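Let me give you the structure first, and then I'll get to my questions.
The values are calculated or read from the model by the stated rules, or taken from the named source; none is laboratory data. This one's a predicted model, so the numbers in the text were calculated from it and none came from an experiment. Backbone-built Cβ (ideal geometry, glycine too); neighbour counts: all protein chains shown.
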């Protein structure tokens, strides 16, 4: 079963490139190279999956699911040992020593139209003093509000209750963020197959909500 996903920037937004910048902003928006040699900004599948996983971890316990809350592999293993089982979040998003792959497969999210980026200069805040660090100016490349990205999530034999956790993580992400920039809106498109799976459950109403943008006006 495939879900078509759209993300829309609500504020200035950046997913930072891992390579150091030789020219231009200190932190550049991640890019992919097209067949014609041109490049375009995009949201990597790993960044989207990681953000949803974090969202799922934040809300899991509130809805009766289990989350180990771990990030480092040794911490995840320790938490699962104490639980006596793999937590619900790791069951759908995977963990380092799983014998099988995650039942969720994410695609990269690509722009639905042309996007022009902008660069702004920021001041790094010292973690200890919570004041501006001396001489710590840096520039960052952003995409503006109102930019849309599209991608997919493939669900392979995911139980209904775990589908509910995925939908809850999507709803939570609309109040959070990915990367270094501002918040994102999210919606699901063409979800007829999923509606059949969720028919008669309390989660169908949540799916209907996720078929519409939450933030209708971009500042």
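Against the condition touching a strand residue (DSSP E or B) at 6+ places or on another chain (Cβ under 8 Å), within 21 Å of residue 63 (Cα to Cα) and surrounded by 13 or more Cβ atoms within 10 Å (Cβ to Cβ), how does residue 140 come out, does it pass?
no
Of everything in the range 143-173, what is farther than 20 Å from residue 2 by Cα and touching a strand residue (DSSP E or B) at 6+ places or on another chain (Cβ under 6 Å)? Give them in sequence order.
143, 145, 147
Quick one: which of 57, 38, 67 is on the phi < 0 side of the Ramachandran plot, free of Cβ contacts under 8 Å to residues at least 60 places away in the same chain and under 13 Å from the mean Cα position of the chain (by Cα)?
Result: 57 is the single residue among 57, 38, 67 that is on the phi < 0 side of the Ramachandran plot, free of Cβ contacts under 8 Å to residues at least 60 places away in the same chain and under 13 Å from the mean Cα position of the chain (by Cα).
A further question on this structure: Only one residue in 115, 123, 153 is modelled with pLDDT of 75 or more and part of a strand (DSSP E or B). Which one?
Result: 153 is the single residue among 115, 123, 153 that is modelled with pLDDT of 75 or more and part of a strand (DSSP E or B).
Also, I was wondering about something else. Out of curiosity, is residue 198 under 24 Å from residue 115 (Cα atoms) and either more than 17 Å from the chain's Cα centre (by Cα) or loosely packed, with under 15 Cβ neighbours inside 10 Å (or both)?
no
What number of residues within the range 25-57 satisfy the criterion of being touching a strand residue (DSSP E or B) at 6+ places or on another chain (Cβ under 7 Å) and either at pLDDT 90 or above or surrounded by fewer than 17 Cβ atoms within 10 Å (Cβ to Cβ) (or both)?
Within the range 25-57, residues that are touching a strand residue (DSSP E or B) at 6+ places or on another chain (Cβ under 7 Å) and either at pLDDT 90 or above or surrounded by fewer than 17 Cβ atoms within 10 Å (Cβ to Cβ) (or both) number 13.
When you look at residue 148, is it modelled with pLDDT of 90 or more and out of contact with any helix residue (DSSP H, G or I) (no Cβ under 7 Å at 6 or more places or on another chain), yes or no?
The answer is yes for residue 148.
Which condition number in (1) assigned to a helix (DSSP H, G or I); (2) modelled with pLDDT under 80; (3) surrounded by 13 or more Cβ atoms within 10 Å (Cβ to Cβ) is the one that residue 74 fails?
In the conditions (1) assigned to a helix (DSSP H, G or I); (2) modelled with pLDDT under 80; (3) surrounded by 13 or more Cβ atoms within 10 Å (Cβ to Cβ), residue 74 misses (3) alone.
For the range 77-102, name all the residues that are within 18 Å of the chain's Cα centre (by Cα), crowded, with 18+ Cβ neighbours inside 10 Å and part of a loop (DSSP other than H, G, I, E, B).
Passing the criteria: none in range.
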